[in-house]
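Working notes, structure below.
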Amino acid sequence: MKKLLTALLICVMFGTLAPTLADAKATKTYYKTTIKSATGKKYTVSLRSNNAKKEIADYTWAGFIEGDVLYKGTFSFYVNNKKTTLKTKKEFNRTHKNIGVIPSKKGTPQFLYIKESFSSNNHTYSLYYMYNGKLKKAKNAFGSTVKPIYAGKNLIKVAQYDNAETFGYMIYTYRINPKQAKEQWLLQNSNQVVFYMTSNHLKNK
């Protein structure tokens, strides 16, 4: 009788564990980084998927060039190896990475961004950050030709290149409310005819 009960218990245990082990094996990490909260605490954030498909770009466009390795699918966000409820279906370019981190100073969370390209000068940046131990997503994406930069406590600066009229950058500053995940437009410096393509120049604008 004891042998029968032991055998049944083993079957139940393995039957319960099998799907979990299979799911873990099928889920692959495509991006991993460390970001800090406003208090300076570090968190490991990763994007994982069990259905992403690999593609090799066979032509050049705004978001990739010929030969880039692309992944398309549903990506789940993990924090310290624990799955969150946040997901994204944005394409991941492994060659010319469209996912990264916006550094900041203590008092402002570091932002993980995912860039989506629509043209050579038109990109949107979706921002994610840690607040009270949880990963949050800013409710609206930011349009910017270059990578947004930290501009002060809970402030980020973006720049949209105008290739039709002024042929310069329109520079915007936003304040982000980490608690509500909302942003407030503070300042616009428009019609600045400046010819550069690096965010380093935005620091003094």
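The values are calculated or read from the model by the stated rules, or taken from the named source; none is laboratory data. Remember, it's a predicted structure, so these values are computed and weren't measured experimentally. Cβ: placed from backbone, ideal geometry, glycine included. Neighbour counts: every protein chain shown.
Remark: pairs (first residue in the stretch 147-160, under 12 Å from K105 (Cα atoms); second residue of a type in the set (G, A, S) and part of a loop (DSSP other than H, G, I, E, B); Cβ separation under 7 Å; 6+ apart in sequence or on different chains) = Y150/S104; K153/G107. Every test in (1) in contact (Cβ under 8 Å) with a residue 60 or more places away in the chain; (2) out of contact with any Lys or Arg (no Cβ under 8 Å at 6 or more places or on another chain) is passed by I99 save one, and that test is (2). Flag not set for E91, criterion: charged (D, E, K, R) and over 14 Å from the mean Cα position of the chain (by Cα). In the stretch 143-155 there is at least one residue matching the filter, namely being in contact with a Ser or Thr (Cβ under 8 Å, 6 or more places away or on another chain) and β-branched (V, I, T).
Every test in (1) exposed (fewer than 13 other Cβ atoms within 10 Å of the Cβ); (2) within 21 Å of Y125 (Cβ to Cβ) is passed by R94 save one, and that test is (1). Summed over the stretch 156-205, residues that are of a type outside the set (D, E) and either surrounded by 12 or more Cβ atoms within 10 Å (Cβ to Cβ) or modelled with pLDDT of 90 or more (or both) total 32. Residues in the stretch 124-145 that are over 18 Å from R175 (Cα atoms) and either without any contact (Cβ under 8 Å) to a residue 60 or more places away in the chain or over 15 Å from the mean Cα position of the chain (by Cα) (or both): N132, G133, K134, T145. Filtering the stretch 94-123 to residues that are closer than 17 Å to Q160 by Cβ and either under 10 Å from the mean Cα position of the chain (by Cα) or part of a strand (DSSP E or B) (or both) leaves I102, Y113, K115, E116, S117, F118, S119, N122, H123. Scanning the stretch 112-136 for residues that are under 15 Å from K182 (Cα atoms) and surrounded by fewer than 17 Cβ atoms within 10 Å (Cβ to Cβ) yields a single hit, Y131.
Per-residue answers, yes or no, for (1) more than 20 Å from T33 (Cβ to Cβ); (2) modelled with pLDDT under 95:
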position	(1), (2)
K53	yes, no
Y59	yes, yes
V69	no, no
T74	no, no
Y78	no, no
N81	no, no
T84	no, no
F92	no, no
K97	no, yes
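Taken over the stretch 66-83, the criterion of being part of a strand (DSSP E or B) and surrounded by fewer than 16 Cβ atoms within 10 Å (Cβ to Cβ) is satisfied by V69, K72, K82, K83. Kindly indicate the residue of the stretch 163-174 that is touching a residue at least 24 places away in the same chain (Cβ under 8 Å) and outside any strand (DSSP E or B) and also farthest from S117 (Cα to Cα) among those meeting that condition. Out of the qualifying residues, it is T166.
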